[in-house]
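Visitor: Quick one: structure below, then a few questions.
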Amino acid sequence: MKQILLITDGGSNVGDSPVVAAAQAYAEGITVNVAGIVDEGTIGEYGATEIAEIAKAGGGISRIVTSGQLSRTVQMMTRQTIAGSIRQAVNQELRQLFGVENVGALPPTKRSEVVKVMEEMEETMSLSVALLIDASASMKPKLHAVEEAIRDLTLSLQAREGKSQVAVFHYPGNSMDEICVLDSEWTTYASKIGTLFGKIRMKGTTPTGPAILQAVDYIRETCGNISSEPMDARQSSARSVSNGVRSDYVV
(Lines give C-alpha, C1' and ligand atoms only; values in the text may rest on other atoms or scores of the structure.)
Protein backbone atom coordinates (compact mmCIF):
# COMPACT_ATOMS: atom_id res chain seq x y z
CA MET A 1 0.00 0.00 0.00
CA LYS A 2 1.24 3.48 -0.89
CA GLN A 3 0.43 6.69 0.99
CA ILE A 4 1.36 10.34 0.93
CA LEU A 5 1.15 11.89 4.39
CA LEU A 6 1.03 15.66 4.05
CA ILE A 7 1.75 17.85 7.11
CA THR A 8 0.72 21.46 6.48
CA ASP A 9 -1.16 24.48 7.75
CA GLY A 10 -2.95 24.86 4.41
CA GLY A 11 -2.94 28.00 2.31
CA SER A 12 -1.37 26.71 -0.91
CA ASN A 13 -0.56 29.71 -3.07
CA VAL A 14 1.67 28.57 -5.95
CA GLY A 15 1.10 26.27 -8.93
CA ASP A 16 -1.42 23.50 -9.44
CA SER A 17 -4.39 23.01 -7.15
CA PRO A 18 -3.48 20.60 -4.32
CA VAL A 19 -6.99 19.15 -4.54
CA VAL A 20 -6.50 18.25 -8.21
CA ALA A 21 -3.04 16.87 -7.43
CA ALA A 22 -4.46 14.69 -4.63
CA ALA A 23 -7.15 13.36 -6.97
CA GLN A 24 -4.44 12.40 -9.48
CA ALA A 25 -2.51 10.62 -6.73
CA TYR A 26 -5.57 8.60 -5.75
CA ALA A 27 -6.29 7.74 -9.38
CA GLU A 28 -2.82 6.15 -9.45
CA GLY A 29 -3.45 4.10 -6.32
CA ILE A 30 -1.84 6.44 -3.79
CA THR A 31 -3.88 7.55 -0.78
CA VAL A 32 -3.33 11.11 0.47
CA ASN A 33 -3.72 11.76 4.21
CA VAL A 34 -3.38 15.28 5.63
CA ALA A 35 -2.44 16.35 9.15
CA GLY A 36 -3.17 20.05 9.58
CA ILE A 37 -1.68 22.39 12.17
CA VAL A 38 -3.60 25.59 11.50
CA ASP A 39 -3.64 29.02 13.09
CA GLU A 40 -6.66 30.81 14.47
CA GLY A 41 -8.76 33.30 12.53
CA THR A 42 -9.71 33.57 8.86
CA ILE A 43 -6.39 32.25 7.55
CA GLY A 44 -6.71 29.17 9.75
CA GLU A 45 -10.28 28.55 8.58
CA TYR A 46 -9.18 28.76 4.96
CA GLY A 47 -6.33 26.35 5.64
CA ALA A 48 -8.63 23.88 7.39
CA THR A 49 -11.04 23.88 4.46
CA GLU A 50 -8.24 23.22 1.98
CA ILE A 51 -6.85 20.41 4.15
CA ALA A 52 -10.22 18.64 4.25
CA GLU A 53 -10.65 18.98 0.48
CA ILE A 54 -7.17 17.59 -0.26
CA ALA A 55 -7.79 14.49 1.84
CA LYS A 56 -11.26 13.97 0.37
CA ALA A 57 -9.89 14.10 -3.19
CA GLY A 58 -7.02 11.81 -2.20
CA GLY A 59 -9.28 9.14 -0.68
CA GLY A 60 -7.70 9.69 2.71
CA ILE A 61 -8.23 11.16 6.15
CA SER A 62 -7.75 14.71 7.40
CA ARG A 63 -7.19 15.85 10.95
CA ILE A 64 -6.80 19.32 12.37
CA VAL A 65 -4.59 19.08 15.46
CA THR A 66 -2.48 21.06 17.87
CA SER A 67 1.29 20.60 17.78
CA GLY A 68 1.11 18.37 20.84
CA GLN A 69 -1.37 16.01 19.19
CA LEU A 70 0.51 15.63 15.92
CA SER A 71 2.66 12.59 16.71
CA ARG A 72 -0.21 10.39 17.82
CA THR A 73 -2.37 11.62 14.94
CA VAL A 74 -0.02 10.71 12.10
CA GLN A 75 0.35 7.17 13.48
CA MET A 76 -3.42 6.82 13.84
CA MET A 77 -4.12 8.08 10.31
CA THR A 78 -1.58 5.74 8.76
CA ARG A 79 -3.04 2.67 10.46
CA GLN A 80 -6.64 3.75 9.94
CA THR A 81 -6.05 4.16 6.22
CA ILE A 82 -4.56 0.66 6.00
CA ALA A 83 -7.58 -0.79 7.80
CA GLY A 84 -10.01 1.15 5.63
CA SER A 85 -8.37 0.02 2.40
CA ILE A 86 -8.38 -3.61 3.51
CA ARG A 87 -12.01 -3.37 4.59
CA GLN A 88 -12.99 -1.85 1.25
CA ALA A 89 -11.17 -4.57 -0.72
CA VAL A 90 -12.64 -7.38 1.39
CA ASN A 91 -16.17 -6.02 1.07
CA GLN A 92 -15.75 -5.85 -2.70
CA GLU A 93 -14.69 -9.50 -2.78
CA LEU A 94 -17.62 -10.50 -0.58
CA ARG A 95 -20.07 -8.79 -2.92
CA GLN A 96 -18.61 -10.61 -5.90
CA LEU A 97 -18.31 -14.04 -4.28
CA PHE A 98 -21.28 -14.21 -1.91
CA GLY A 99 -23.56 -11.33 -2.82
CA VAL A 100 -23.31 -9.70 0.63
CA GLU A 101 -22.52 -6.03 1.13
CA ASN A 102 -20.00 -6.24 3.97
CA VAL A 103 -18.40 -8.42 6.64
CA GLY A 104 -21.24 -7.70 9.05
CA ALA A 105 -23.68 -9.53 6.78
CA LEU A 106 -21.80 -12.84 7.09
CA PRO A 107 -22.83 -15.60 9.54
CA PRO A 108 -21.01 -15.20 12.90
CA THR A 109 -18.51 -18.02 12.32
CA LYS A 110 -17.50 -16.84 8.87
CA ARG A 111 -17.45 -13.23 10.07
CA SER A 112 -14.91 -14.01 12.81
CA GLU A 113 -12.69 -15.83 10.31
CA VAL A 114 -12.73 -12.92 7.87
CA VAL A 115 -12.08 -10.35 10.62
CA LYS A 116 -9.08 -12.37 11.81
CA VAL A 117 -7.62 -12.41 8.30
CA MET A 118 -8.20 -8.64 7.96
CA GLU A 119 -6.39 -7.98 11.24
CA GLU A 120 -3.43 -10.09 10.10
CA MET A 121 -3.31 -8.23 6.80
CA GLU A 122 -3.12 -4.88 8.60
CA GLU A 123 0.12 -5.97 10.26
CA THR A 124 1.72 -7.91 7.40
CA MET A 125 0.96 -6.01 4.19
CA SER A 126 3.75 -3.94 2.65
CA LEU A 127 3.49 -0.20 3.33
CA SER A 128 5.27 2.79 1.82
CA VAL A 129 4.63 6.26 3.26
CA ALA A 130 5.94 9.39 1.55
CA LEU A 131 6.00 12.17 4.14
CA LEU A 132 5.49 15.59 2.59
CA ILE A 133 6.34 18.47 4.92
CA ASP A 134 5.17 22.03 4.38
CA ALA A 135 8.29 24.09 5.17
CA SER A 136 6.84 27.49 4.30
CA ALA A 137 7.48 30.40 6.66
CA SER A 138 4.17 30.00 8.52
CA MET A 139 5.15 26.45 9.59
CA LYS A 140 8.39 27.50 11.30
CA PRO A 141 7.01 27.46 14.89
CA LYS A 142 5.68 23.94 14.30
CA LEU A 143 8.86 22.28 13.02
CA HIS A 144 9.79 20.63 16.32
CA ALA A 145 6.37 18.96 16.55
CA VAL A 146 6.73 17.74 12.95
CA GLU A 147 10.17 16.29 13.73
CA GLU A 148 8.83 14.36 16.73
CA ALA A 149 5.81 13.11 14.80
CA ILE A 150 7.88 11.75 11.93
CA ARG A 151 10.36 10.03 14.22
CA ASP A 152 7.55 8.41 16.21
CA LEU A 153 5.79 7.30 13.03
CA THR A 154 8.96 5.66 11.72
CA LEU A 155 9.44 3.81 15.02
CA SER A 156 5.83 2.58 14.96
CA LEU A 157 6.23 1.30 11.40
CA GLN A 158 9.38 -0.59 12.41
CA ALA A 159 7.24 -2.51 14.89
CA ARG A 160 4.97 -3.87 12.15
CA GLU A 161 5.48 -7.40 10.85
CA GLY A 162 5.16 -6.36 7.21
CA LYS A 163 7.73 -4.37 5.25
CA SER A 164 7.38 -0.65 5.95
CA GLN A 165 9.40 2.18 4.49
CA VAL A 166 9.34 5.97 4.68
CA ALA A 167 10.55 8.68 2.31
CA VAL A 168 10.68 12.36 3.32
CA PHE A 169 10.13 15.48 1.22
CA HIS A 170 9.84 19.14 2.16
CA TYR A 171 8.66 22.13 0.17
CA PRO A 172 9.44 24.74 -1.01
CA GLY A 173 13.07 24.17 -1.91
CA ASN A 174 15.97 26.59 -1.55
CA SER A 175 15.49 28.33 -4.88
CA MET A 176 12.69 29.46 -7.18
CA ASP A 177 13.35 26.49 -9.47
CA GLU A 178 13.27 23.95 -6.63
CA ILE A 179 9.64 23.31 -5.75
CA CYS A 180 10.14 20.26 -3.57
CA VAL A 181 13.19 18.54 -2.06
CA LEU A 182 13.66 14.80 -1.47
CA ASP A 183 15.37 14.70 1.94
CA SER A 184 15.43 10.92 2.34
CA GLU A 185 14.82 8.11 -0.10
CA TRP A 186 12.93 5.04 1.13
CA THR A 187 14.29 4.03 4.52
CA THR A 188 13.27 1.87 7.47
CA TYR A 189 15.50 3.60 10.02
CA ALA A 190 14.11 6.21 12.41
CA SER A 191 17.65 7.37 13.23
CA LYS A 192 18.14 8.51 9.64
CA ILE A 193 14.96 10.60 9.75
CA GLY A 194 16.15 12.45 12.84
CA THR A 195 19.18 13.89 11.05
CA LEU A 196 17.15 15.64 8.36
CA PHE A 197 15.66 18.56 10.21
CA GLY A 198 18.82 20.58 10.65
CA LYS A 199 18.86 21.00 6.87
CA ILE A 200 15.34 22.40 6.50
CA ARG A 201 14.99 26.19 6.34
CA MET A 202 11.41 27.31 6.85
CA LYS A 203 10.72 30.08 4.35
CA GLY A 204 8.99 31.07 1.15
CA THR A 205 5.69 30.24 -0.51
CA THR A 206 3.44 27.18 -0.30
CA PRO A 207 3.40 25.13 -3.56
CA THR A 208 1.43 22.21 -2.11
CA GLY A 209 -0.07 21.01 -5.41
CA PRO A 210 3.24 20.76 -7.30
CA ALA A 211 4.84 19.13 -4.25
CA ILE A 212 2.17 16.41 -4.16
CA LEU A 213 2.71 15.74 -7.87
CA GLN A 214 6.48 15.44 -7.31
CA ALA A 215 5.88 12.90 -4.54
CA VAL A 216 3.57 10.97 -6.90
CA ASP A 217 6.29 10.95 -9.56
CA TYR A 218 8.79 9.58 -7.05
CA ILE A 219 6.46 6.81 -5.89
CA ARG A 220 5.68 5.88 -9.51
CA GLU A 221 9.38 5.78 -10.44
CA THR A 222 10.46 3.73 -7.42
CA CYS A 223 7.41 1.52 -6.88
CA GLY A 224 5.73 1.43 -10.29
CA ASN A 225 2.21 2.41 -11.25
CA ILE A 226 0.27 0.41 -8.67
CA SER A 227 -3.29 1.18 -9.73
CA SER A 228 -5.02 -2.03 -10.86
CA GLU A 229 -8.43 -0.45 -11.47
CA PRO A 230 -9.63 1.66 -14.40
CA MET A 231 -9.67 5.40 -13.76
CA ASP A 232 -13.47 5.64 -13.56
CA ALA A 233 -13.61 2.76 -11.08
CA ARG A 234 -11.12 4.46 -8.76
CA GLN A 235 -12.95 7.78 -9.04
CA SER A 236 -16.21 6.05 -8.15
CA SER A 237 -14.47 4.42 -5.20
CA ALA A 238 -13.06 7.77 -4.12
CA ARG A 239 -16.55 9.28 -4.10
CA SER A 240 -17.94 6.46 -2.00
CA VAL A 241 -15.03 6.59 0.44
CA SER A 242 -15.22 10.35 0.81
CA ASN A 243 -18.90 10.16 1.71
CA GLY A 244 -18.17 9.58 5.36
CA VAL A 245 -16.05 6.42 5.40
CA ARG A 246 -12.45 7.63 5.48
CA SER A 247 -12.33 11.38 4.97
CA ASP A 248 -13.29 13.75 7.73
CA TYR A 249 -12.51 17.01 9.43
CA VAL A 250 -12.01 17.05 13.18
CA VAL A 251 -11.16 20.06 15.34
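The values are calculated or read from the model by the stated rules, or taken from the named source; none is laboratory data. This is a predicted model, so every value here is computed, not measured. A quick note on method: Cβ atoms are made from the backbone with ideal geometry, for glycine too, and the neighbour counts reach across all protein chains shown.
Visitor: Only residues that are closer than 21 Å to E123 by Cβ and modelled with pLDDT of 85 or more: list them for segment 31-71, please.
Guide: Hits for segment 31-71 are T31, N33, G60, I61.
Visitor: From A130, A145, grab the single residue that is part of a helix (DSSP H, G or I), in contact (Cβ under 8 Å) with a residue 24 or more places away in the chain, surrounded by 18 or more Cβ atoms within 10 Å (Cβ to Cβ) and hydrophobic (A, V, I, L, M, F, W, C).
Guide: When all the criteria are applied, what remains is A145.
Visitor: Oh, and also: Does T187 satisfy the condition of being in contact with a strand residue (DSSP E or B) (Cβ under 7 Å, 6 or more places away or on another chain) and modelled with pLDDT of 90 or more?
Guide: Criteria not met by T187.
Visitor: Given the conditions (1) touching a Gly at 6+ places or on another chain (Cβ under 6 Å); (2) surrounded by 15 or more Cβ atoms within 10 Å (Cβ to Cβ), report the number of the one that T124 does not fulfil.
Guide: The number of the failed condition is (2).
Visitor: Take the conditions more than 19 Å from M76 (Cβ to Cβ), part of a loop (DSSP other than H, G, I, E, B), among the acidic types (D, E) and at pLDDT 80 or above and apply them to E178. Does it pass?
Guide: Answer is yes for this residue.
Visitor: Might you let me know whether segment 44-66 holds any residue that is hydroxyl-bearing (S, T, Y), over 28 Å from D217 (Cβ atoms) and touching a residue at least 24 places away in the same chain (Cβ under 8 Å)?
Guide: yes
Visitor: I150 - would you say it is in a helix (DSSP H, G or I), surrounded by 17 or more Cβ atoms within 10 Å (Cβ to Cβ), of a type in the set (A, V, I, L, M, F, W, C) and at pLDDT below 80?
Guide: So I150 does not fit the description; no.
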